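> My questions all concern the structure below.
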Amino acid sequence: MNTAATTTTDDHADSHDHEHHDPRLAHHFDSHQQQFDTGKLGIWLFLVTEVLFFSGLFGFYAVYRSLHPEVFLYASQFLDTVLGAANTVVLLFSSLTMAWGVRCAQLGQTRGLMVCLVVTLACAAIFLGVKSFEYTEKA
């Protein structure tokens, strides 16, 4: 058997030794710095796509609103600011509880994770309840 092949095979086996693997380092990264840099790049790419998407969305809204102000004036009569504000608070709170749930999962806190998931699901039910009330009221 070739010595180079034996060495390569042995090195490969050692590189996948899971007993000495840092649990905070994902298996497909070589170092914590590489993992951090990749995550940072991913966040920046996500933010760029969000800025592009919402720039187009708000740009379209501004153009359409300036071309047809009467449509927006008419439609505003059917909006309920109290229910809209309540739904906004529910959505923000559910985002917070979901983020807490992710953190609890990262820390291995099963009870905290379950509480956060139940609260997030309750927020979803409240949101859908408010929406169904809004739409049945307008039908």
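> Any idea which of (1) outside the structural domain of V119 (by TED's automatic domain parsing); (2) exposed (fewer than 10 other Cβ atoms within 10 Å of the Cβ); (3) within 28 Å of T120 (Cβ to Cβ) is the one F53 doesn't satisfy?
Tallying (1) outside the structural domain of V119 (by TED's automatic domain parsing); (2) exposed (fewer than 10 other Cβ atoms within 10 Å of the Cβ); (3) within 28 Å of T120 (Cβ to Cβ), F53 fails exactly one: (2).
> Here's something else I'd like to know. Just to be sure, is D17 charged (D, E, K, R), at pLDDT below 85 and surrounded by 10 or more Cβ atoms within 10 Å (Cβ to Cβ)? Let's see the steps before the verdict.
Numbers: charged (D, E, K, R): yes; at pLDDT below 85: yes; surrounded by 10 or more Cβ atoms within 10 Å (Cβ to Cβ): no.
Taking the combined requirement at face value, the residue does not satisfy it.
> Okay, next question. Collect the residues in region 88-129 that are in contact (Cβ under 8 Å) with a residue 24 or more places away in the chain and either surrounded by fewer than 16 Cβ atoms within 10 Å (Cβ to Cβ) or not aliphatic (A, V, I, L, M) (or both), keeping them in residue-number order.
L91, F93, S94, T97, T120, C123, A124, F127
The values are calculated or read from the model by the stated rules, or taken from the named source; none is laboratory data. If you're wondering where the values come from, they're calculated on a predicted model, not measured in any experiment. Glycine gets a Cβ as well: all are built from the backbone with ideal geometry, and neighbour counts include every protein chain shown.
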